[in-house]
1. Hey, THR94 hits all of (1) crowded, with 16+ Cβ neighbours inside 10 Å; (2) of a type in the set (S, T, N, Q); (3) more than 20 Å from LEU139 (Cβ to Cβ) but one; which does it fall short on?
2. Looking at segment 204-247 only, could you name the residues that are surrounded by 21 or more Cβ atoms within 10 Å (Cβ to Cβ) and in a strand (DSSP E or B)?
3. In segment 248-265, how many are free of Cβ contacts under 8 Å to residues at least 40 places away in the same chain, loosely packed, with under 15 Cβ neighbours inside 10 Å and of a type outside the set (Val, Ile, Thr)?
4. Mind listing whichever residues of segment 17-43 are of a type in the set (Gly, Ala, Ser), touching a strand residue (DSSP E or B) at 6+ places or on another chain (Cβ under 8 Å) and closer than 22 Å to ILE165 by Cβ?
5. Can you tell which of LEU97, LEU111 is part of a helix (DSSP H, G or I) and either closer than 24 Å to GLU53 by Cα or among the hydrophobic types (A, V, I, L, M, F, W, C) (or both)?
6. From the list GLY124, GLY118, which residue is out of contact with any Leu (no Cβ under 7 Å at 6 or more places or on another chain), over 20 Å from ALA64 (Cα atoms) and either part of a helix (DSSP H, G or I) or modelled with pLDDT of 95 or more (or both)?
7. Among the residues of segment 174-188, are any in a helix (DSSP H, G or I), among the charged types (D, E, K, R) and surrounded by fewer than 19 Cβ atoms within 10 Å (Cβ to Cβ)?
8. If you scan segment 123-156, which residues turn out to be touching an Asp or Glu at 6+ places or on another chain (Cβ under 9 Å) and among the aliphatic types (A, V, I, L, M)?
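The values are calculated or read from the model by the stated rules, or taken from the named source; none is laboratory data. All values reported here derive from a predicted model rather than from experimental measurement. Cβ sites come from the backbone with ideal geometry, for glycine too, and all protein chains shown count toward neighbours.
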Amino acid sequence: MKDLNQENILVTGATGLVGSAVTKKLIEAGYSVHTLRRNNVDAPFHYLEATNEMVLDPNIPLYAVINLAGPNLADKRWTSKRKDYLLSCRVNLTNALARALAGLPTKPKILLAASAIGYYGLTGDNYVDEESPAGDDFLADVGQQWEQATLPAEQAGINTIHLRIGVVLSKKGGMLQKLLLPFNLGMGGKIGNGKQYLSWISIIDLVQAILFLLVKNPRAGVLNLVAEETVSNADFSAQLGRALRRPSFIPMPTFIVKLLFGEMGDALLLGSTRVKSTKLGSLGIKLRHQTLTSALAAVLKE
């Protein structure tokens, strides 16, 4: 692999679940990592939310940018105001970043831009891949606009790869972390009828895939970052229970999900999105944890 030591890499969303893991790994490897600061005009790389202005220090030439910024979709119930916020935060910052990168005298070689498998909408039992069209629900709209926001960078010749990331498995955040308490208390179980599919990736494999892309700098365009094995929610619950050595027979009925979480619950907990990647293998990216059993064993030990 090419040695990227001393190359400058800018990470946005560096305090989030994925951003913190990526940043830690880059620093451990000796890379020069810079993080985007919000509303801090003294920082060399900062974003002013009030004016949607991105400021990038032209005296620090960037080899790569990893854009992971965006508020957690599952933090709060989705009101109209909350949905507008979730969309605008992602699109505005990403577009400001892309425009700023396009204007740099020395442009980065690669922009890894986070997206999500929500781009495909709800697919039921049917598989979708990188060539499949976008869905027609809220998450699909977020995905489309989020990806379109990078256009200025692409037009400036920066190799831009849209990372359509599956459900990230980590005990430090995300869905799995939220499930650990009820499952450890013996109160876990399937959600709804349990037939909805989950397309996932371990945090370990996600970080390694991102580092691989930085080194190889392929012209991938769009890349689904998901493991080969998709599982039903019922199977996921059963496997998590076994991994924790706890029972997992207390279901959360559909009406309770809708009562507690509204539209967010419909999309994130009851929705079924079955995604595969036709590109990971051809790019040479080999995920270590292709089965849920392997992934849970690894991430629960971290």
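1. (3)
2. LEU223, ASN224, LEU225
3. 3
4. Applying the first criterion (of a type in the set (Gly, Ala, Ser)) to segment 17-43 yields 19-21, 29-30, 32, 43.
Then drop every residue that is not touching a strand residue (DSSP E or B) at 6+ places or on another chain (Cβ under 8 Å), which leaves 19, 21, 32, 43.
Those that are of a type in the set (Gly, Ala, Ser), touching a strand residue (DSSP E or B) at 6+ places or on another chain (Cβ under 8 Å) and closer than 22 Å to ILE165 by Cβ: GLY19, ALA21.
5. On the way: LEU111 fails: part of a helix (DSSP H, G or I).
Just a single option satisfies the conditions, and that option is LEU97.
6. Step by step, each of GLY124, GLY118 is checked, and only GLY124 is out of contact with any Leu (no Cβ under 7 Å at 6 or more places or on another chain), over 20 Å from ALA64 (Cα atoms) and either part of a helix (DSSP H, G or I) or modelled with pLDDT of 95 or more (or both).
7. For segment 174-188, residues in a helix (DSSP H, G or I), among the charged types (D, E, K, R) and surrounded by fewer than 19 Cβ atoms within 10 Å (Cβ to Cβ): present.
8. Passing the criteria: only ALA134.
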